[in-house]
1. I'd like to verify a number: residues in segment 115-155 that are closer than 14 Å to Pro228 by Cβ, assigned to a strand (DSSP E or B) and hydrophobic (A, V, I, L, M, F, W, C), how many?
2. Please work out which residue is modelled with the highest pLDDT, limiting yourself to segment 115-140 and to residues that are open to solvent by 30 Å² or more (accessible area, probe 1.4 Å) and closer than 17 Å to Pro185 by Cβ.
3. Among (1) aliphatic (A, V, I, L, M); (2) in a helix (DSSP H, G or I); (3) open to solvent by 40 Å² or more (accessible area, probe 1.4 Å), there is one condition Ala64 misses while meeting the rest; what is its number?
4. Here is a list of conditions, (1) in a helix (DSSP H, G or I); (2) surrounded by fewer than 23 Cβ atoms within 10 Å (Cβ to Cβ); (3) touching a residue at least 12 places away in the same chain (Cβ under 8 Å), and Ala547 meets all of them except one; can you say which number that is?
5. So is Lys399 modelled with pLDDT of 95 or more, open to solvent by 10 Å² or more (accessible area, probe 1.4 Å) and assigned to a loop (DSSP other than H, G, I, E, B) or not?
6. For residues that are open to solvent by 60 Å² or more (accessible area, probe 1.4 Å) and among the β-branched types (Val, Ile, Thr), scanning just segment 333-349, find the one that is nearest to Gln443 (Cα to Cα).
7. Buried (at least 18 other Cβ atoms within 10 Å of the Cβ) and at pLDDT below 95: is that true of Tyr194 in this structure?
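The values are calculated or read from the model by the stated rules, or taken from the named source; none is laboratory data. It should be emphasised that the depicted structure is a prediction, and the values quoted were computed from it without experimental measurement. Neighbour counts are summed over all protein chains in view; Cβ atoms, including those assigned to glycine, are modelled from backbone coordinates with ideal geometry. These area figures cover heavy atoms from the full protein model, side chains too; ligands, DNA and RNA do not enter into them. Shrake-Rupley method; radii C 1.70, N 1.55, O 1.52, S 1.80 Å.
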Amino acid sequence: MFVASSHALSAQQSCPATTPGATMPLAYQGSATVPAITPCDLMTRLYIYSADSLRGREAGTPDAIHATAWIESEVRRLGLRPAGDNGTYFQAMPVSARVVTSASTITSGGKTFRTDVDFYPGGATADRKITADVVYGGVLGDTINVLSADDARGKIVVMTGAANARGIRNLGALGGAEAIALVSPTIVQPRLRYVLNDTVQNEGRAAYAAAASAAAAGGRGAASAAGPLTLAVSSATAATMLGKPVENAKLGDKGGSTTIDVKVAYTAEPTRNVVAILDGTDPKLRKEYIVIGAHSDHIGVSNTVAEHDSIKAYNEVARVEGADSRNPTPPTPEQWVRINAIKDSLRRVYPARLDSISNGADDDGSGSVSILEIAEAFAKGPAKPKRSLIFIWQTGEEKGLWGSEWFTNHPTVPRDSIIADLNLDMVGRGAGTDVTGKNKEGQELFGAENYVQLVGSRRLSTELGDIVEQVNTTEKMPFKFDYSMDANGHPQNIYCRSDHANYARYGIPVVFFTTGGHADYHQVTDEPQYIQYAHMARVDQLVYDIALKLGNLDHRVVVDKAKPDSPFARCQQ
């Protein structure tokens, strides 16, 4: 009786996502959600969750707090049991923002230079004071004209070259320098850098590293204890340090003694997961849990402003994997014709607009609202599993899987009571025009109407992978699973790049569901008008059905594959 009513409610819903040929709006306010998993519910929720007003939900910012407050209001409305700290839905995480203070200075040649104006120490993680002689190290990236290790050791090395002061790699002979000062035409303070202070993780990683590798110390050309400090300096600052304009300097030219005094402060920034439980119906099995999770954060607001349609058109042709398009080649004349045609077609639908907000509609607004939709289907629908379900919105995934790290290190239920983790991250795309990634051989993958990528489903449990396949055969439109991104040794290492990895490190079987990458990945163009809502609803129904199957299984999912040596070992696909 209830199921029929639920289907009737679903059939009565109407929205642009279910209207053939409808123009998807830039803003949308939908009707009340229903117990069934529907495209219109998902559209209603995602337009709220990926709106400009939430400013990209960057972990550590008030925007992420506002986002989790909305999630909390929804799970409270659904009547789920709080599973965070102290009887709340929130699990707080000790996150702080790292700031280089205005007390930081460079003193050279009788002059004092100030941070944010004359220099910026992008690589500073703690207070540090260096007094050393200056030497000119040439052009960064020039592999022929380079300082020797002896010339660089213990010195402040001034260099020119097109790279930022945080991005210097492959130090080589410069590894023994006290500092590397890269001359920059402009001194721009970078965005705040946030840090999760997880003692369990830090101590565990250190203990594992000590046990895994015998204490080998020293070595030729060893760097100073903390490694070289890297910083950007203005041309005027560099000229004082060298005693001459940098354009007149030659490799190995020596300057006078310089003191770099960096002061770093950390400020607490409220950050939290949202955790809620639907209790199982069986008195014994309800003490076991299936986690259904996604990450609630995204990457926030960019320091630069771009014209939205131009970026979208360019990426669809020249950067088809968005931020995962590494070193793309410049567009050909023929490609520029396509780019301009796409831009013109977009502007016939939407007004031209400047954009700096990475809304994260697919990454991972799609997963976040999907979990709400699945939670409502269980909370308001007729099917109630014997085992309990944990619904978790993990923040800081974009910073390094923070939320899932914190929850698995500090679980609010016994860790060994969690029998599986179902992770949804980017489940809102997968159209035939989306390049969803590349296989191990470098060939492009494309979406389709029945497209879903699975990662990790058999890495710990053959049975879990089999259950996913079996349940899929019962769906109205079964998916064709793409396992390409799950290949051992895949260069993108996707298995280690989303929240399921933190459950797997503790030996908990996982399945990562995703519709893959696309040209809007980590771009300001990842907005709700580009989401495939009907496709996403079918992915969510599949996850719901798998969770129900696992929740009623008469035994724990069998773990028949080797677990990681340690939960603090390096993840490698």
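1. Counting residues in segment 115-155 that are closer than 14 Å to Pro228 by Cβ, assigned to a strand (DSSP E or B) and hydrophobic (A, V, I, L, M, F, W, C) gives 4.
2. Asp118
3. Single failed check for Ala64: (3).
4. (2)
5. No.
6. Across segment 333-349, the extreme among qualifying residues is Val337.
7. yes
Listed here are the residues, each with its yes/no results for (1) part of a helix (DSSP H, G or I); (2) within 16 Å of Met536 (Cα to Cα); (3) open to solvent by 60 Å² or more (accessible area, probe 1.4 Å); (4) modelled with pLDDT under 95.
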site	(1), (2), (3), (4)
Leu9	yes, no, yes, yes
Ala22	no, no, no, yes
Ala36	no, yes, no, no
Cys40	yes, yes, no, no
Met43	yes, yes, no, no
Leu46	yes, yes, no, no
Gly56	no, no, no, no
